[in-house]
1. Does A:Thr115 count as away from every other protein chain (no Cβ under 11 Å) and either closer than 21 Å to B:Thr110 by Cα or among the β-branched types (Val, Ile, Thr) (or both)?
2. Which of the residues that make up the range A:70-114 are of a type in the set (A, V, I, L, M, F, W, C) and under 16 Å from A:Ser53 (Cα atoms)?
3. Return the pair list, or none, for Cβ contacts closer than 6 Å from residues in the range A:48-67 that are more than 9 Å from chain B (Cβ to nearest Cβ) to residues that are among the acidic types (Asp, Glu), at least 6 apart or on different chains.
Amino acid sequence: MNRRAFVFSLEALLTLLAAITLVLLVLPPTRNAETDWNSLQRNALAQDLLETSVKQKSLARELYAFADGDEDAKRALSERWTALLSKTGAVCFKLEAGSGSLETECAGTKRFAATASRALFDGFALREAKLALYFDS
Amino acid sequence: MFSLDLLLATLLAVTAAALLLYVFTANAHSFTERARDAQAQADAFIESENALKTCEADGGAALCEGGVVLVNEIKKLPDEAYAETKKENRKENENRVCVTRIALFGGKQTAVQYCAERGDLK
């Protein structure tokens with residue numbers, strides 16, 4: 001092989017490598033598509049839970065009572081939401097509203113948190129409800 | 001000679017790159033599209049009167065508590081069957097996209113799962 005042909009081949013190879021590198025750099029991060037989708041879904045779940053709670057009068061009353069520190073409301077919320085969330089893949093949750101605070105026992109490791117918040121107004125006071133749902137993957 | 005080599009290599013690289021880009025973006029696009037379609041269908045279904053009617057037709061809204069929505073129908077499943085369904089859904093292939101939402105049925109907060117198959121995504 002003469003020297004000239006070697007240089008040409010090397011040149012062509014370098015061009016090829018440069019082009020491939022360029023393309024790999026601009027490729028969209030496709031592997032994260034499913035992860036992003038899961039994260040979106042889980043955040044939607046947290047939003048759903050608070051939204052349905054403030055939308056329905058009897059559920060909203062329970063939430064107001066929880067925010068006032070009512071122990072019965074806290075127990076009822078804990079039992080109902082734990083049962084409900086077990087069907088969604090969440091391992092535990094944390095809810096804070098007014099003087100009420102509730103953190104359930106985790107059935108797994110907290111690896112992902114989806115959060116949501118809503119303003120609560122019972123006609124007398126305005127408070128904020130903050131919810132965090134935890135997932136183990 | 002030198003220019004021809006360079007031209008051929010560049011053409012080859014560009015073709016390969018375009019092919020790669022097409023394959024990657026087509027996959028990502030189809031997943032995102034299907035996910036978005038399933039989300040839209042689930043939202044529309046859950047928020048529609050039909051969901052509640054289907055629930056009621058199934059023996060009363062209370063039956064929908066903890067129910068699973070499977071492609072336009074709500075089924076009350078015992079816990080073990082629900083677990084099986086969840087297990088199946090974990091093996092989601094590219095033809096199936098599942099969306100879990102919490103909605104009000106008969107005044108109760110209910111976890112519903114809407115699964116859309118490729119053929120159902122219109």
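Bear in mind that the values in this text are calculations on the coordinates, not laboratory data. A quick note: this is a predicted structure, and the numbers were derived from the prediction, not measured. Note that we place each Cβ from the backbone using ideal geometry, even for glycine, and neighbour counts take in every protein chain shown.
1. On the way: away from every other protein chain (no Cβ under 11 Å): yes; either closer than 21 Å to B:Thr110 by Cα or among the β-branched types (Val, Ile, Thr) (or both): yes.
Yes: the conditions hold for A:Thr115.
2. Step one: list which residues in the range A:70-114 are of a type in the set (A, V, I, L, M, F, W, C), which gives A:73, A:76-77, A:81, A:83-85, A:90-93, A:95, A:97, A:102, A:106-107, A:112-114.
Hits for the range A:70-114 are A:Ala73, A:Ala76, A:Leu77, A:Trp81, A:Ala83, A:Leu84, A:Leu85, A:Phe93, A:Leu95, A:Ala97, A:Leu102.
3. Sorted first by the residue in the range A:48-67, then by its partner, the pairs are A:Tyr64/A:Asp122.
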